[in-house]
Amino acid sequence: MLLSSAFRRIGVRRAIPHVRNATSGPGIPPSLLSTWYSAFGKSTAGYITWVVAGVLVSEGITGYGTDYAWNYVNHGKTYESIDWTRFEEKEDEDEDDDDDDDDDDDDEEGDEDEEEGDGDGDDDDDDDDE
């Protein structure tokens, strides 16, 4: 500051031009700022609500974006994206038939037990008339 006034006194032009009212873009319209201030900026509770809502929305967008990028880069390498049908083992049909025969034998034994009595001790079938 002192040097610039000294250079002006001796008539040296400045190498850096003086910039007034510099903006980086068109800016935010004053009507929009006024509306935002009347809705959120007047009270502390309104402002905190604005900040918390902004954080939650930003976190949701960021989380979705990073998940999408991760799944895109790691497609086919994660559990959810692997085609598990490629790893199914084909079983012999003979083994299936043997297993079915064993199951039929087990079912016949169970039927004999049921014929002897249901064994639940519940004789309420005769009480339906009351």
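The values are calculated or read from the model by the stated rules, or taken from the named source; none is laboratory data. Treat the numbers as computed from the prediction; the structure is a model and nothing was measured. Methodologically, a virtual Cβ is constructed for each residue, glycine included, from the backbone with ideal geometry; neighbour enumeration extends over all protein chains shown. Accessible surface is based on the protein model in full, side chains and every heavy atom, while ligands, DNA and RNA are left aside. Shrake-Rupley method; radii C 1.70, N 1.55, O 1.52, S 1.80 Å.
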Considering only the range 76-83, I want to know if a residue exists there that is out of contact with any His (no Cβ under 6 Å at 6 or more places or on another chain), open to solvent by 70 Å² or more (accessible area, probe 1.4 Å), modelled with pLDDT of 90 or more and not in a loop (DSSP other than H, G, I, E, B). no
The range 57-71 - residue that is of a type outside the set (Gly, Ala, Ser) and open to solvent by less than 100 Å² (accessible area, probe 1.4 Å) and, of those, nearest to residue 81 (Cα to Cα): 71
